[in-house]
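**Q** There's a structure below that I have some questions on.
The values are calculated or read from the model by the stated rules, or taken from the named source; none is laboratory data. In this text the structure is predicted, and so the values were computed from the model without any measurement. We place every Cβ from the backbone using ideal geometry, glycine too, and count neighbours over all the protein chains shown.
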Amino acid sequence: MLKARSFTCLGLAGLASVAIVQPCRAEVAQITAVQLQPTANGVELILESTSSTPLQVFTTRYRQTLITDIVNTQLQLPEGRTFRQSNPTEAIAGVTVAPLGANSVRVTITGKAELPSAQVVQSTPGLVLNITTPTTAATAPPTEPTSQPSETDSESSADTPSTTPAPPIDSTDQAEADEAEEEELVITGDREPSVDGYRAPTAATATKTDTPLRDIPQSIQVVPRQVIQDQQVTRIGDATRNVSGVTVLQGYGGSTDNYTIRGLTTSSNLRNGFRDDGFLTFTDPATIERIEVLKGPASVLYGQFEPGGVVNYVTKKPLSDPFYAAELQIGSYNFYRPSIDFSGPLTPDKSILYRLNLAYENAGSFRDFVNNEVFVAAPVFTFKLGEATSLTLEYEYVNVDRTFDRGFPSEPELFALPINRFLGEPSDRYKLTGNKPSLTIDHQFNPNLRLRTAFTAQIFEAGRSNAQARTFRLERDRQTLRRRYTASDEKVEDYGLQTDLVSKFNTGSVKHELLAGFELSRSTSDGVLRRTEFTSINIFNPVYGSAIPTDLPPVFDSDRRNDSLGLYLQDQITLLPNLKLLLGGRFDFVELDIEDRLAETTTNRNYNVFSPRVGIVYQPIEPISLYASFSRSFRPNVFASTSSGDLLEPERGTQYEVGIKGELLDGRLSATLAAYNITKTNVATTDPNDLDFSIAAGEIKSRGIELDIVGRLAPGWNIIASYAHNDAFVSEDNNLPVGSRLVNAPRNSASLWTTYELQSGGLRGLGFGGGIFFVGDREAELPNTITLPSFVRADATIFYRRDTYRAAINFKNLFGTGYYEAQGSLVYPGAPFTVVGSFSVEF
């Protein structure tokens, strides 16, 4: 974990001492040029700025790496977005100047064997870092830098620069400085987690604190915005193909985002840490800043989730300086998608910030009669109520109008069908309207105490009308599919309130980061399903146009409500600088009410569940973290009941995980190797004494190994890669054969995506990229009667980025590989070769 050695806005300062202290300012400066010049004792890094006042600097030491964060500053270089210089001296491995979030710049200086020393000097205007290499630090003569006078230096003339060096620190001051070196750096405000190309060194999903990934005893992977952009992701789920152990599902008629993680199907996702019920929700990539995938149980912080893992969508937030971007994407099958992303301040003092994302999509499909129309509007406002308090209001409106596509039945004959074959009716429709408001208040009492309270609501209304398979089975002639016409009206409302208090303190030499919080939530779903028998269809010679029935009797009319209170406590303990312990637990009090309006019955059940997590991280050498963890999860059984009419006990998941995390190539590349064993108990299975009902006696096991690699191999060369081996099967059941593999859970899967952008010369900004995505054979249903074959899909891209413009062409499924994806008893063919071109401008 990075430890701060000082927490001050500096006028003239060394990295371990302060000479002149300046008050912090809110002005956002621009660094317009970076120069690196050799000196007798090392190198001099010159940052030219548009600011006439001293820049605000925070300093950090980490092993042999020296880090300087310059806040309220943006990097605007004419030659590119970052400055990098490898091996400027024999003792320095590299110097990097790069953006850190929206309004900060990070300077990273890495020594080859020892920590370099440096002195920060304010220039006119800008900043100079005099870097002294370890081999010369002991013998180098003292430097007497010049600087412009500060506003707090009453003895300096406003017209004459001071040439007086910083006074030496006496023994008392030095002791205080040494004590200050042990304090952790806490920065308030709207700074986003730093991302270096494809690599995000921190994430909040696993701990609800911005913790370095190397300090988390659980596998967590981040897909940043740049990967989403480089791959031209138009459906948010496709971005998770870059993460080991994650298989994308088609969702509800091809309209929602669902996943199989570590062999287990997820029922819900997260959105900014709040439950995002996967039944009716829709997430558009235009509003997403990054995706965080937490592997293994998440109930210790989030309550009712599957033990395989959870996907958290982190939305875009307002920026402190004007930002305007527009993009147009055009592709195969009449696909076109314009979008805009505007952000900036609404007041001169930047106390009110905004961001607005708009996107419209209209597309056909390789599937007959299938089309899609989407509109998304997402305004966000941040109000800075003081130096330490902010309030953020978010709202997202979603409207989806598309063909409801049920794919193919899981029968062997599906492989003989053309992938464009549609087995419904051309009039089949699905319409969804979503409203997602939220409010977040963040207050920093002091550098060691923070309070966050957030409220969110997600309200979705949907309706569908379609002809679909009656039993998803062919008749005996192996070509006739019986159908029934179905219409439904559905509404889902999710409300959540979270309050988190984070406190940092020491007990002797042991450091703590304590999280205490609670969550109140209510989830309701109201649905009416009507259907009647409909004309059959010959899958090999379909005839469409049958009269649509108007009299559809109800067969399902239900209202379900889930109220819960969660109380959680977590302590991230630093026993030694290289030994960290994570302890946490959550009590959930859940009340389920299910009303069957047709049967005129009501079922009620209360659960009190405790979900613990224990993890340890040991770092034997600087770039390596060894970890082990134990965690549990729960999820209510809401779709099965006993012969007495009661709901079943909730499913419980237990995971043991060990792994190793590495920071390679001077921290530019991250790797995680994890091994896990998950057991899910209380799974609903047939009651042997009454076959019409269920008992909670089933069991599922999932175990495997995963490898993820992400980062930058060289300037302009990014990579994200993964491999997973998974064995997910039924271990106990009264109906299914023991050993049956779970649906859509490949034994082996892998991915590799890489891009390279030319950094110099006349073609600077030209980039190339490509990747392969391998998914092994999978079972299409339980019991295992049909296996979907493995496949390898290849993608490629070519792009050109210059100044504020970017143009790209992406080729997906480059070689037209035929493949299929399963969900339940349905099989969906994958898209053939497609092309998406884009042109964007931002300023």
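**Q** Please pick out the residue among Leu581, Leu575 that is in contact with a Gly (Cβ under 8 Å, 6 or more places away or on another chain) and either under 30 Å from Pro217 (Cβ atoms) or not in a strand (DSSP E or B) (or both).
**A** Details: Leu575 fails: in contact with a Gly (Cβ under 8 Å, 6 or more places away or on another chain).
Result: Leu581 is the single residue among Leu581, Leu575 that is in contact with a Gly (Cβ under 8 Å, 6 or more places away or on another chain) and either under 30 Å from Pro217 (Cβ atoms) or not in a strand (DSSP E or B) (or both).
**Q** Would you call Thr681 farther than 25 Å from Gln85 by Cβ and either part of a strand (DSSP E or B) or small (Gly, Ala, Ser) (or both)?
**A** yes
**Q** Next question, about the same structure. Among the listed residues Ile695, Ile700, Ile705, which satisfies the condition of being crowded, with 22+ Cβ neighbours inside 10 Å, out of contact with any helix residue (DSSP H, G or I) (no Cβ under 6 Å at 6 or more places or on another chain), of a type outside the set (Gly, Ala, Ser) and assigned to a strand (DSSP E or B)?
**A** Values: Ile695 fails: crowded, with 22+ Cβ neighbours inside 10 Å; Ile705 fails: crowded, with 22+ Cβ neighbours inside 10 Å.
Sole residue among the options that is crowded, with 22+ Cβ neighbours inside 10 Å, out of contact with any helix residue (DSSP H, G or I) (no Cβ under 6 Å at 6 or more places or on another chain), of a type outside the set (Gly, Ala, Ser) and assigned to a strand (DSSP E or B): Ile700.
**Q** Of (1) under 30 Å from Asn637 (Cβ atoms); (2) in contact with an Asp or Glu (Cβ under 8 Å, 6 or more places away or on another chain); (3) surrounded by fewer than 21 Cβ atoms within 10 Å (Cβ to Cβ), Ser790 satisfies all except one. Which?
**A** (1)
**Q** Looking at the stretch 589-638, which of the residues that are of a type in the set (Phe, Trp, Tyr) and at pLDDT below 95 is surrounded by the fewest Cβ atoms within 10 Å (Cβ to Cβ)? Show your work before the answer.
**A** Just the residues of the stretch 589-638 that are of a type in the set (Phe, Trp, Tyr), to begin with: 589, 607, 610, 618, 627, 630, 634.
Subset that is at pLDDT below 95: 607, 634.
Details: Tyr607: 17, Phe634: 25.
In this case the residue turns out to be Tyr607.
**Q** Next question. Could you please find all residues in the stretch 260-269 being over 14 Å from the mean Cα position of the chain (by Cα), surrounded by 24 or more Cβ atoms within 10 Å (Cβ to Cβ) and not small (Gly, Ala, Ser)? Reasoning before the result, please.
**A** Step one: filter the stretch 260-269 for residues over 14 Å from the mean Cα position of the chain (by Cα), giving 260-268.
Those still in the list that are surrounded by 24 or more Cβ atoms within 10 Å (Cβ to Cβ) too: 260-263.
Residues satisfying the conditions are Thr260, Ile261, Arg262.
**Q** Within the stretch 73-122, which residues are of a type in the set (D, E, K, R) and either assigned to a strand (DSSP E or B) or over 27 Å from the mean Cα position of the chain (by Cα) (or both)? Walk me through how you get there before you give the answer.
**A** So in the stretch 73-122, the residues of a type in the set (D, E, K, R) come out as 79, 81, 84, 90, 106, 112, 114.
Glu79, Arg84, Glu90, Arg106, Lys112, Glu114, listed by residue number.
**Q** Could you figure out which of (1) free of Cβ contacts under 8 Å to residues at least 60 places away in the same chain; (2) surrounded by 15 or more Cβ atoms within 10 Å (Cβ to Cβ); (3) touching a Ser or Thr at 6+ places or on another chain (Cβ under 7 Å) isn't true of Glu396?
**A** Checking Glu396 against (1) free of Cβ contacts under 8 Å to residues at least 60 places away in the same chain; (2) surrounded by 15 or more Cβ atoms within 10 Å (Cβ to Cβ); (3) touching a Ser or Thr at 6+ places or on another chain (Cβ under 7 Å), the one that fails is (1).
**Q** Considering only the stretch 246-254, I want to know if a residue exists there that is within 26 Å of Phe408 (Cβ to Cβ) and modelled with pLDDT of 95 or more.
**A** Within the stretch 246-254, one or more residues are within 26 Å of Phe408 (Cβ to Cβ) and modelled with pLDDT of 95 or more.
**Q** Also: Mind listing whichever residues of the stretch 211-238 are of a type in the set (Gly, Ala, Ser) and modelled with pLDDT under 95?
**A** Within the stretch 211-238, Gly237 is the sole residue that qualifies.
**Q** Let me ask something else about it. Take Ala796 and tell me if it is touching a residue at least 40 places away in the same chain (Cβ under 8 Å) and either surrounded by 15 or more Cβ atoms within 10 Å (Cβ to Cβ) or of a type outside the set (Lys, Arg) (or both). Let's see the steps before the verdict.
**A** Numbers: touching a residue at least 40 places away in the same chain (Cβ under 8 Å): no; either surrounded by 15 or more Cβ atoms within 10 Å (Cβ to Cβ) or of a type outside the set (Lys, Arg) (or both): yes.
Answer is no for this residue.
**Q** Moving on. Somewhere in the stretch 647-660, is a residue more than 30 Å from Ala750 (Cβ to Cβ), out of contact with any Gly (no Cβ under 9 Å at 6 or more places or on another chain) and among the acidic types (Asp, Glu)? Lay out the reasoning, then the answer.
**A** If we filter the stretch 647-660 for residues that are more than 30 Å from Ala750 (Cβ to Cβ), which is where we start, we get 647-650, 652.
When the remaining residues are screened for being out of contact with any Gly (no Cβ under 9 Å at 6 or more places or on another chain), the result is 647-650, 652.
Of the ones still in play, those that are also among the acidic types (Asp, Glu) are 649.
For the stretch 647-660, residues more than 30 Å from Ala750 (Cβ to Cβ), out of contact with any Gly (no Cβ under 9 Å at 6 or more places or on another chain) and among the acidic types (Asp, Glu): present.
**Q** In addition: So for the stretch 459-478 (the condition being polar (S, T, N, Q) and farther than 30 Å from Leu782 by Cα), does at least one residue qualify? Break it down into steps so the answer makes sense when it comes.
**A** Taking the stretch 459-478 as the starting set, the residues that turn out to be polar (S, T, N, Q) are 465-466, 468, 471.
So of that shortlist, the ones also farther than 30 Å from Leu782 by Cα come out as none.
So far as the stretch 459-478 goes, no, none of its residues is polar (S, T, N, Q) and farther than 30 Å from Leu782 by Cα.
**Q** Considering only the stretch 332-380, how many residues are farther than 25 Å from Asn420 by Cβ and either in a strand (DSSP E or B) or in contact (Cβ under 8 Å) with a residue 40 or more places away in the chain (or both)?
**A** Filtering the stretch 332-380 for residues farther than 25 Å from Asn420 by Cβ gives 338-360, 375-380.
Those still in the list that are either in a strand (DSSP E or B) or in contact (Cβ under 8 Å) with a residue 40 or more places away in the chain (or both) too: 338-345, 349-350, 352-360, 375-380.
Qualifying residue count for the region: 25.
**Q** Hey, any hits in the stretch 717-726 for a residue that's under 25 Å from the mean Cα position of the chain (by Cα), without any contact (Cβ under 8 Å) to a residue 24 or more places away in the chain, surrounded by 17 or more Cβ atoms within 10 Å (Cβ to Cβ) and closer than 23 Å to Val243 by Cβ? Give the steps one after another, and end with the answer.
**A** We begin by selecting, within the stretch 717-726, every residue under 25 Å from the mean Cα position of the chain (by Cα); these are 717-726.
Then drop every residue that is not without any contact (Cβ under 8 Å) to a residue 24 or more places away in the chain, which leaves 725.
From what's left, surrounded by 17 or more Cβ atoms within 10 Å (Cβ to Cβ): 725.
In the following step, the residues that additionally are closer than 23 Å to Val243 by Cβ were identified as 725.
Yes, the stretch 717-726 contains at least one residue that is under 25 Å from the mean Cα position of the chain (by Cα), without any contact (Cβ under 8 Å) to a residue 24 or more places away in the chain, surrounded by 17 or more Cβ atoms within 10 Å (Cβ to Cβ) and closer than 23 Å to Val243 by Cβ.
**Q** Now, a different point. Could you run through the stretch 26-68 and say how many residues are in a strand (DSSP E or B) and either modelled with pLDDT under 80 or surrounded by fewer than 21 Cβ atoms within 10 Å (Cβ to Cβ) (or both)?
**A** Applying the first criterion (in a strand (DSSP E or B)) to the stretch 26-68 yields 29-38, 42-49, 56-62, 65-68.
Filter once more, keeping what is either modelled with pLDDT under 80 or surrounded by fewer than 21 Cβ atoms within 10 Å (Cβ to Cβ) (or both): 30, 32-33, 35-38, 44, 46, 48, 56-62, 65.
Of the residues in that region, 18 qualify.
**Q** Among the candidates Thr486, Thr471, Thr507, Thr480, which residue alone is of a type in the set (Val, Ile, Thr) and more than 30 Å from Ala416 (Cβ to Cβ)?
**A** Values: Thr486 fails: more than 30 Å from Ala416 (Cβ to Cβ); Thr471 fails: more than 30 Å from Ala416 (Cβ to Cβ); Thr480 fails: more than 30 Å from Ala416 (Cβ to Cβ).
One residue alone meets the criteria, Thr507.
**Q** Kindly check whether there is at least one residue in the stretch 632-655 that is more than 30 Å from Leu736 (Cβ to Cβ), within 26 Å of the chain's Cα centre (by Cα) and touching a residue at least 40 places away in the same chain (Cβ under 8 Å).
**A** Taking the stretch 632-655 as the starting set, the residues that turn out to be more than 30 Å from Leu736 (Cβ to Cβ) are none.
Scanning the stretch 632-655, I find no residue that is more than 30 Å from Leu736 (Cβ to Cβ), within 26 Å of the chain's Cα centre (by Cα) and touching a residue at least 40 places away in the same chain (Cβ under 8 Å), so the answer is no.
**Q** Can you find a residue in the stretch 386-409 that is closer than 30 Å to Asn446 by Cα, not in a strand (DSSP E or B) and not acidic (Asp, Glu)?
**A** yes
**Q** Out of Tyr676, Tyr656, which single residue is over 30 Å from Thr65 (Cα atoms), surrounded by fewer than 17 Cβ atoms within 10 Å (Cβ to Cβ) and modelled with pLDDT of 95 or more? Spell out the reasoning first.
**A** Details: Tyr676 fails: surrounded by fewer than 17 Cβ atoms within 10 Å (Cβ to Cβ).
From the options Tyr676, Tyr656, the qualifying one is Tyr656.
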